[in-house]
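Q: Below: one structure in structure tokens.
The values are calculated or read from the model by the stated rules, or taken from the named source; none is laboratory data. Just so it is clear, the model here is predicted, and its values are computed rather than measured. All Cβ positions, glycine included, derive from the backbone under ideal geometry; neighbour counts span all protein chains shown. Please note that ligands, DNA and RNA were not included when accessible areas were found on the heavy atoms of the full protein model with its side chains. Shrake-Rupley method; radii C 1.70, N 1.55, O 1.52, S 1.80 Å.
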Amino acid sequence: MDKFGKSQPVKRLEDTRFLTGKGQYVDDIAPKNALHAYFLRSPVAHGVVTELDIADAREADGVACVLTQADLLAAGLEANLPGTQVDNRDGSKGAKPERPLLAAERVRYVGEPIAVIVAESMDQARDAAEMIMFDYDDLDAHLALARGGEQLHDEAPENLAFDWGLGDEAATDAAFEAAAHVVSLEVGDNRVIVNAMEPRGAYAEWDGSRLHVASNGQGVWGTKGQVARVLKMNEDDVRVTNPDTGGGFGMKAMIYQEPLIVAYVAKMLDKPVRWIADRTESMLSDNAGRDLVSLAELAFDENLKATAYRVKSVANMGAYNSQFAQAIQTQLFSRVLMGVYDVQTTWLQVDGIYTNTTPVDAYRGAGRPEAIYVLERLMDRAARELGVSGYELRRRNFIPTEAFPYKSATDETYDVGDFDRVLSRVEEFGDVSGFAAREAESVKAGKLRGAGLCYYIESILGDPSESARVEFNDDGTVSIYVGTQSNGQGHETVYAQFLSDQTGIPTEMIEVVQGDSDRIKQGGGTGGSRSVTVQNTATLATVETMIKAFTPYIADKMGVDAADVSFDDEQFRAEGSNLHPTFLEAAEMARADGRVDLMVHEERTTLPARSFPNGAHLAEVEVDPETGQVSLEKYTVVDDFGNLINPMLAEGQVHGGVAQGIGQALMEHVVFDDDGQLLTATFMDYAMPRASDVPMIGFATEAVPSTANIMGMKGCGEAGTVGAMAAASNAVQDALWDAGVRQADMPFTPHRVWQMLNEAKHTAG
């Protein structure tokens, strides 16, 4: 294995297990004798509970217990979920309504859990649920992204979750007053359902003194803390594990009711209990994403240099707070508000509104896609109105290379960047000069063709601290214990490959251990594209500690001074000595000598700053004006991820992110009726991109190594999504522009596009 920096495209080690049906997902490994939990959920979006009689259900065949919120409170549980608050513009805190584990006096969205039924089989649990007498008085649903309407929470007058702002509002207003040109655009960002391949699930078991909870989340320590809080247990008595996890996308990073309730029931009954959601249950009860409307404005001077940027957004928070939702719509959004542009004055204002839709707002690459989507749609509109190409307008406003490190108007410091180089590469790689010929061919075929550009930047980090522990096992293998959690990214390959790069230990001899709060004492989990950068920084520090620890021992074996021993990433060496052991050989020698102190090494590191992956996405679409059908014909990406460990995995992450982004742009869309009923609660009604919807994606990198970590890396997990929404949308807008369409918002379904074209014809006529 070559050294880090040569970026070897190693195939994923875990794929053989997954593709041969040997994955260890939570519902595969639940105890065979476990009881089954089923959740009775609200059939209405808003109502006052007038009856909840569970007596008959408790007597049904096979039923072990039926519980309501009243039962949880009577048992002394802290029967609620946590929720963050941000500061309002007036300095007060955002609203903090309580979110119960099970709805009691009122239900606030379709799918809210009301009772849990635990039985010997799932069929028995479902049958018993039918016997529960549940009645309610309907209340009006509040679905509009606006203040007022039917009140959801007493703690949130006018259904306002928060009213937040960032920047210098007065200076921004003054810059707009003095501007030579002002361009504005209202941009809608449609709501989407995450739809991880594996639905949420959990099981729990009690051994009389300790509680074990297995859930398919994105980390174990948040769940561990919440289980201990809710059940009022000592954290040392709670073990949480994450087995193989089939997709997370941020949605599974949040705390939900079901694992906490399953944990309590298992402890109460002294029997293992399992739960797994079906697809419609997931669509109703998982935290959803996006759903905001933004009015964005750019001010320019006479040279078309942007002088100010102003955005006012209204964001759908769903029915309750989550532990992240308010922060997602504010802090994460603001980090990349200005994108890659040298704009000194800005104002961002966000209103969070409670609605009777899904539980809370979550994310699929949160904050970054929303901010970049709004900015890049506006930049595309500005180029049209100001009469310059999108490439030229962006270049005029890029942060120049010599200006780094650059402090943005939103108080983020970008360490490095060469945006012009990346943009030039995508022009060449995407054959921009050949677009006219391709457009002419489309016109011959009776189609409209458009090209759309997006230049994105995202900030990555989350928790900047992480630990890595390396242990030499008695069987000659090595285990590396990590604090992050793979849910499809290929961590088992990347971490083994990186440790092998640094130590010469063959990857096939390395076991990556993750997702177990007993085996790993601390960790930040996975989210925000943090994992590889933060985790491998800790691994580097641990390897350095290993070398320092082994060097005196090896020097003694060689008969030389420790200062004369070096390690060349494969072997320990010293001039004049014929002994040059590998790490595995050195560990075997130490074990034979009883040096158990050399068998385990661990370090924890904290990164001093974020890194900022960035890049350019270029999409080309064809539109059939007779049907409104949009087809994505060509897609090109050039990313600056800094140094890469495994280009193949980075490209795979980008492919998946692009598919996710264009899925939202072209077809995904959550629809509710006027009563708050979800009309897109199955894959018959909710469109997801298929292979035929996604072209071959051209991928290249232009590395500008980050200075925020010793490896020069930048995260890539969410990058594909961040750029894809705006690139695809700008391409559709470009195709429709000459047909007179001036306002084009996602999703670009055939019916919506057909309507846009016909409305434009009517207006022109």
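Q: Expressed as cubic angstrom per residue, what is the convex hull volume of the alpha carbon set of segment 115-197?
A: On the way: hull volume 19.2 nm³, N = 83.
Each residue corresponds to 232 Å³ of Cα convex hull volume.
Q: In the chain, if the dipole is taken from +1 on Lys/Arg beta carbons and -1 on Asp/Glu beta carbons about the Cα centre, which of 170, 45, 255 is farthest to the positive end?
A: Projecting each Cα onto the dipole axis, the largest value belongs to 170.
Q: Residue by residue through segment 130-147, what is 3J(HN,Hα) from phi via Karplus (6.51 cos²θ - 1.76 cosθ + 1.60, θ = phi - 60°)? Round to whole Hz and write x for glycine and proline.
A: In residue order, the calculated couplings are 5, 8, 6, 8, 10, 9, 7, 9, 4, 10, 5, 8, 10, 10, 6, 7, 7, 5 Hz.
Q: Right, something else. Would you tally the net charge around residue 398, using a Cβ to Cβ cut-off of less than 9 Å, leaving residue 398 out, and scoring K and R as +1, D and E as -1? Working shown, then result.
A: On the way: positive: 394, 395, 396; negative: 342, 420.
That works out to +1.
Q: Setting aside same-chain residues fewer than 8 positions from residue 93, which lysines have a Cα under 23 Å from its Cα?
A: Within the straight-line limit of under 23 Å, residue 93 reaches these lysines: 312.
Q: Full-extension gain between residue 571 and residue 235, please, as 0.36 nm times their residue separation minus the C-alpha to C-alpha distance. Display every interim value, and only then the final one.
A: Numbers: separation 336, 0.36 × 336 = 120.96 nm, distance 4.20 nm.
Gain on extension, residue 571 to residue 235, equals 116.8 nm.
Q: To the nearest 20 Debye, how big is the dipole of the chain about its Cα centre, given +1 on the beta carbon of each Lys and Arg and -1 on that of each Asp and Glu?
A: Values: 66 positive and 117 negative charges, 162 e Å.
Dipole magnitude for the chain comes out near 780 debye.
Q: Rounded to whole Å, give me the distance from the Cα center of segment 138-185 to that of segment 639-714.
A: 29 Å
Q: Next question. Amide H neighbours of residue 216 under 5 Å, at least 5 residues apart or on other chains, H built in the peptide plane: list them.
A: 201
Q: Taking amide H positions as placed in the peptide plane 1.01 Å from N, state which residues far from residue 114 in sequence (5 or more) or on other chains have amide H under 5 Å from it.
A: Answer set, sorted by chain and number: 40, 41, 42, 103.
Q: If you rank 245, 84 by how much accessible surface each has, with a 1.4 Å probe, what is the order from largest down? Please list the in-between numbers first.
A: Values: 245 10, 84 40 Å².
Accessible-area ranking of 245, 84, largest first: 84, 245.
Q: Turning to a different aspect of this structure: 7 Å from Cα along Cα→Cβ at both residue 431 and residue 588: what's the point-to-point distance in nm?
A: Output for this residue pair reads 5.5 nm.
Q: Let me ask you something else. Solvent-accessible area of residue 155, probe 1.4 Å, all protein chains present, reported in Å² to the nearest ten, please.
A: For residue 155, the solvent-accessible surface is approximately 100 Å².
Q: Can you send over the solvent-accessible area of residue 233, 1.4 Å probe, protein chains only, in Å² to the nearest 10?
A: Surface open to solvent at residue 233 totals about 30 Å².
Q: Per DSSP H run of at least 4 residues, take -39500 (n - 2.57); add these up for the chain, divide by its residues and hand me the 222 nm value, nearest 500 deg cm²/dmol. Intermediate values should be presented prior to the final figure.
A: Numbers: 19 runs with 220 residues, N = 765.
Value at 222 nm, helices only, nearest 500: -9000 deg cm²/dmol.
Q: A follow-up question, please. Take the alpha carbon gyration tensor of the chain, find the square roots of its eigenvalues, order them as a ≥ b ≥ c, and report rounded if a/c is under 1.5; if not, report prolate when a/b exceeds b/c, else oblate.
A: Judged from the Cα gyration tensor, the chain comes out oblate (a/c at least 1.5, b/c at or above a/b).
Q: Something else about it: Using the Cβ atoms and a cut-off under 9 Å, what net charge is assigned to the surroundings of residue 619, where Lys and Arg are +1 and Asp and Glu are -1? The partial results should precede the final answer.
A: On the way: positive: 634; negative: 620, 633.
Computed value for this residue: -1.
Q: Let me check I've understood the local charge: for residue 511, count other residues with C-beta under 11 angstrom from its C-beta, Lys and Arg +1, Asp and Glu -1. What total comes out? The partial results should precede the final answer.
A: Details: positive: none; negative: 471, 475, 492, 508.
That sum, taken over residues with Cβ under 11 Å, equals -4.
Q: Quick check: from the Cα gyration tensor, does segment 622-677 come out rounded (a/c under 1.5), prolate or oblate? Could you put the intermediate results ahead of the total?
A: Values: a/c = 4.42, a/b = 1.67, b/c = 2.65.
Oblate shape, in that a/c is at least 1.5 and b/c is the bigger or equal ratio.
Q: Something else now. Just name one of 699, 336, 287: the one whose Cα is farthest towards the positive end of the charge dipole of the chain (beta-carbon charges, Lys/Arg +1, Asp/Glu -1).
A: My answer, from the dipole projection, is 699.
Q: Looking at 546, 110, 121, which one has the Cα that reaches farthest to the positive end of the dipole of the chain (charges on Cβ: Lys, Arg +1; Asp, Glu -1)?
A: 546
Q: Another one. How high is the relative contact order of segment 155-239? Use alpha-carbon pairs under 8 Å, at least six apart in sequence, and give a whole percent.
A: On the way: 41 pairs, mean separation 15.0, N = 85.
Worked out over segment 155-239, it gives 18 percent.
Q: Same structure again: In nm, to one decimal, how far is the modelled label at residue 755 from the one at residue 342, with both set 7 Å along Cα→Cβ?
A: It is 4.3 nm.
Q: With +1 on the Cβ of every Lys and Arg and -1 on the Cβ of every Asp and Glu, and nothing else charged, how large is the dipole of segment 86-193 about its Cα centre, in debye rounded to the nearest 20? Intermediate results must be reported in sequence, preceding the final value.
A: Numbers: 9 positive and 24 negative charges, 53 e Å.
Using Cβ point charges on Lys, Arg, Asp and Glu, segment 86-193 gives about 260 debye.
Q: Quick one: Karplus J couplings for segment 311-322, per residue in order, coefficients 6.51, -1.76, 1.60, θ = phi - 60°, nearest Hz, x for Gly and Pro?
A: 9, 10, 10, 10, 10, 7, 9, x, 8, 9, 7, 10
Q: By its C-alpha gyration tensor, with a ≥ b ≥ c as the square roots of the eigenvalues, how is segment 200-268 shaped: rounded for a/c under 1.5, else prolate for a/b larger than b/c, else oblate?
A: It comes out prolate by the Cα gyration axes.
Q: Using DSSP to define loop residues, name the trypsin sites (Lys or Arg not before Pro) in segment 29-102 whose beta-carbon has at most 10 other beta-carbon atoms within 10 Å. If you can, show how the numbers build up before the last one.
A: Values: sites: 32, 41, 58, 89, 93; in loops: 32, 89.
Hits after loop and neighbour filter: 32.
Q: Tell me the relative contact order for the chain as a rounded percent, counting alpha carbon contacts under 8 Å between residues six or more apart. Mind dumping the intermediate values first?
A: On the way: 1853 pairs, mean separation 116.4, N = 765.
It comes to 15 percent, rounded to a whole number.
Q: Quick one: accessible surface of residue 556, probe radius 1.4 Å, all protein chains present, in square angstrom to the nearest 10.
A: Approximately 120 Å² for this residue.
Q: Right, here's the next one. What is the magnitude of the charge dipole of segment 175-284 about its Cα centre, with +1 placed on the Cβ of each Lys and Arg, -1 on the Cβ of each Asp and Glu, and no other charges, expressed in debye to the nearest 20?
A: Working: 12 positive and 14 negative charges, 72 e Å.
Computed charge dipole of segment 175-284: roughly 340 debye.
Q: Do the alpha carbons of any pairs in 232/252; 444/634; 96/407; 11/252 sit beyond 30 Å of each other, and which pairs?
A: 96/407
Q: So for segment 508-646, averaging the separation of alpha carbon pairs under 8 Å that are six or more residues apart and normalising by length, what relative contact order in percent results?
A: Working: 119 pairs, mean separation 22.8, N = 139.
That works out to 16 percent.
Q: Leaving ligands, DNA and RNA out of it, rank 554, 710 by accessible area with a 1.4 Å probe, largest first.
A: Values: 554 0, 710 145 Å².
Result, largest first: 710, 554.
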